[in-house]
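Colleague: Let me give you the structure first, and then I'll get to my questions.
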Amino acid sequence: MSINTLIIGLGRIGMIYDHLKGNNNLIQTHAKAVSLHNDFNLVAGVDPVSKQRKIFKDKFGKIAFKNLNEVKCDCNIDLVIIATPTNTHLEIIKDTVRLIKPIMILCEKPLSYKYNDSERIYNICKFSKIKLYVNYMRRCDPGVKIIKEKIDRHSISTPVKGICWYSNGIYNNGSHFINLLEFWLGEFREKKVFNKGRFLNDFEVEPEFILFFEKGDVIFRNAYEENFSFYKLELLSPSGFLRYDNGGYDINFQNIKNDRRFLNYKILNDKKSEIVSGMNLYQYNVLDEISKDYVGKNTTICKGEEALRTERIIYLLNNDLIN
């Protein structure tokens, strides 16, 4: 199997993160992931910046075009990865559907800063019978899937109570954790904003709020990205304590045990059970899930309709900020 892939946008997540870090143990960009995955064939790239095109050509030995209108190749393109700024997604997806006609599109999150535009993207792909995925990559992480299984099997029992620290905007980073909690805790029920937070620009805000899900509720608090990055999620369960630290690179769970000092009294176990994360390879993990879906296997990748539900939550939160 070889899934012919075109990457639009050769910036940070498209190519540069891995290029700058130069660490062979990291696969955190689309270009490196596609070039290394056996199920995918990197056909070409697209970027308006000549420097980016040159880096891509030198590093991967593939042609890079200035825009979609210039794209020419000898094979059908199965997958288009869109790694461009959010405000370009709608127009680029329109052009992709018109000019390339792929089987699948993987778009960076969010689909749009405007919920109506996100719906348009979803409907364009649905009408054109193109599978739409959105790159909430944590859902593809092996450690995240283990937690999902534990919650479903009730070894992490519910309802949970949680707190999430995020920074650098509700779209940029907060949305990752909203989507992750939908994956773990089920259907979103209600929200409550208790601090409007900071407005970072015309689109990005950092409110503080509570989200209520089918299997628990989580408080979101904003951190100080200008001073240091801090992404952390803690879930307190009747059966123990889950820590999702350092953005998901470090995960552990403490179950409960009997306290020898008091009869019928339970405490958290001193020993933490590590849950192995695959965040060093997060873009490779995403391709694994796309490959599964391509051949009809079960997958945890975020599909268009699921991403739309996440963006609806943000839309509802934003309404509270302006009212």
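Colleague: How far apart, in nm, are two points set 7 Å out from the Cα along the Cα-to-Cβ line at residue 95 and at residue 315?
Modeller: 2.6 nm
Colleague: Based on the Kirkwood radius over alpha-carbon pairs, what value in µm²/s does the Stokes-Einstein equation return for the translational diffusion coefficient of the range 37-119 at 10 °C and 1.306 mPa s?
Modeller: Answer from the Stokes-Einstein relation: 116 µm²/s.
Colleague: Then there's this: What pairs from 129/303; 57/131; 32/54; 54/94 go past 18 Å between their alpha carbons?
Modeller: 57/131; 54/94
Colleague: Return one number: the angle in degrees, 0 to 90 and rounded to the nearest 10, between the long axis of the Cα atoms of helix 89-99 and the longest principal axis of the Cα atoms of the chain.
Modeller: It works out to around 40 degrees.
Colleague: Starting from the Kirkwood Rh over alpha-carbon pairs, what translational D in µm² s⁻¹ does the chain have by Stokes-Einstein at 4 °C and 1.567 mPa s?
Modeller: Reported coefficient: 62 µm²/s.
Colleague: Tell me, what ³J(HN,Hα) does each residue in the range 232-248 have, in order and in whole Hz, if you take phi through Karplus 6.51 cos²θ - 1.76 cosθ + 1.60 with θ = phi - 60° and put x for Gly and Pro?
Modeller: Karplus values, whole Hz, x for Gly and Pro: 8, 9, 10, 10, 9, 10, x, 9, x, 9, 9, 10, 10, 9, 6, x, x.
Colleague: Would you rank 18, 58, 74 by solvent-accessible area, highest first, keeping every protein chain in place and using a 1.4 Å probe?
Modeller: 74, 58, 18
Colleague: Take the alpha carbon atoms of the range 9-57, find their center, do the same for the range 90-160, and report the distance between the two centers in whole angstrom.
Modeller: 21 Å
Colleague: Follow-up. With Cβ to Cβ distances under 10 Å as the rule, what net charge do the other residues near residue 182 carry (K, R +1; D, E -1)?
Modeller: Combined, the nearby Lys, Arg, Asp and Glu give -1.
Colleague: Relative contact order for the chain: what is it in percent, counting Cα pairs under 8 Å that are at least 6 residues apart?
Modeller: It rounds to 17 percent for the chain.
Colleague: What residue among 194, 172, 237 has its Cα farthest toward the positive end of the dipole of the range 126-251, where the charges are +1 on Lys, Arg and -1 on Asp, Glu, each on the Cβ?
Modeller: Of the options given, the answer is 237.
Colleague: A follow-up question, please. Ignoring ligands, DNA and RNA, please state the percent of accessible area on the chain from carbon and sulfur, probe 1.4 Å.
Modeller: 48 percent
Colleague: Moving to a separate point now. For the range 1-58, restrict the atom set to alpha-carbon positions and state the Rg and Dmax in Å.
Modeller: Over the range 1-58's Cα set, Rg and Dmax evaluate to 11.0, 32 Å.
Colleague: Could I ask something else about it? Could you tell me what fraction of 2.2 N^0.38 Å the Cα radius of gyration of the range 176-227 comes to, as a two-decimal ratio?
Modeller: Ratio of Rg to 2.2 N^0.38 Å for the range 176-227: 1.23.
Colleague: Which of the lysines could be linked to residue 191 by a straight reach, that is with a Cα gap under 21 Å, when you skip same-chain ones fewer than 8 residues away?
Modeller: 114, 161, 215, 232
Colleague: In sequence order, what are the phi-derived ³J(HN,Hα) couplings for the range 172-185 according to the Karplus relation 6.51 cos²θ - 1.76 cosθ + 1.60 with θ = phi - 60°, rounded to whole Hz, with x for glycine and proline?
Modeller: 5, 10, x, 4, 4, 7, 4, 4, 4, 5, 4, 5, 7, 9
Colleague: Now for a separate question. Take the Cα atoms of the range 238-323, build their convex hull, and give its volume per residue in Å³.
Modeller: Here the figure is 191 Å³ per residue.
Colleague: On a 0 to 90 degree scale, rounded to 10, what angle separates helix 142-153 from the longest Cα axis of the chain?
Modeller: Around 50 degrees separate the two axes.
Colleague: Can you sort 217, 202 by 1.4 Å-probe accessible area, starting with the largest?
Modeller: Highest to lowest solvent-accessible surface, that is 202, 217.
Colleague: Please compute the net charge surrounding residue 81, taking Lys and Arg as +1 and Asp and Glu as -1 over other residues with Cβ under 15 Å from its Cβ.
Modeller: That sum, taken over residues with Cβ under 15 Å, equals -4.
Colleague: Follow-up. Given the options 305, 226, 190, state which has the largest fluctuation in a GNM of the chain using a 10 Å cut-off (strictly under) for Cα springs.
Modeller: In this elastic network of the chain, the residue with the biggest mean-square fluctuation among 305, 226, 190 is 226.
Colleague: With springs only between Cα atoms under 10 Å apart, run a GNM on the chain and tell me which of 116, 38, 201 wobbles the most.
Modeller: 201
Colleague: Which one of 242, 211, 36 has the biggest mean-square fluctuation once the chain is modelled by GNM with Cα springs under 10 Å?
Modeller: Checking each option, the largest mean-square fluctuation is seen for 36.
Colleague: For 250, 270, what's the largest-to-smallest order of accessible area, 1.4 Å probe?
Modeller: The residues order as 270, 250, largest area first.
Colleague: Then there's this: Angle check, please: helix 50-60 long axis (alpha carbons) against the longest principal axis of the chain (alpha carbons), in degrees 0 to 90, nearest 10.
Modeller: Relative to the chain, helix 50-60 is tipped by roughly 80 degrees.
Colleague: Can you work out the accessible area per residue across the chain, with the rest of the protein chains kept in place, probe 1.4 Å, in square angstrom?
Modeller: Spelled out: the 1.4 Å probe surface of the chain, per residue, equals 49 Å².
The values are calculated or read from the model by the stated rules, or taken from the named source; none is laboratory data. What you see is a predicted model; the values in this text were computed from it and never measured. Ideal geometry is used to build each Cβ from the backbone, glycine not excepted, and the neighbour counts take in all protein chains shown. Calculation scope for accessible area: heavy atoms of the full protein, side chains included, ligands and nucleic acids excluded. Shrake-Rupley method; radii C 1.70, N 1.55, O 1.52, S 1.80 Å.
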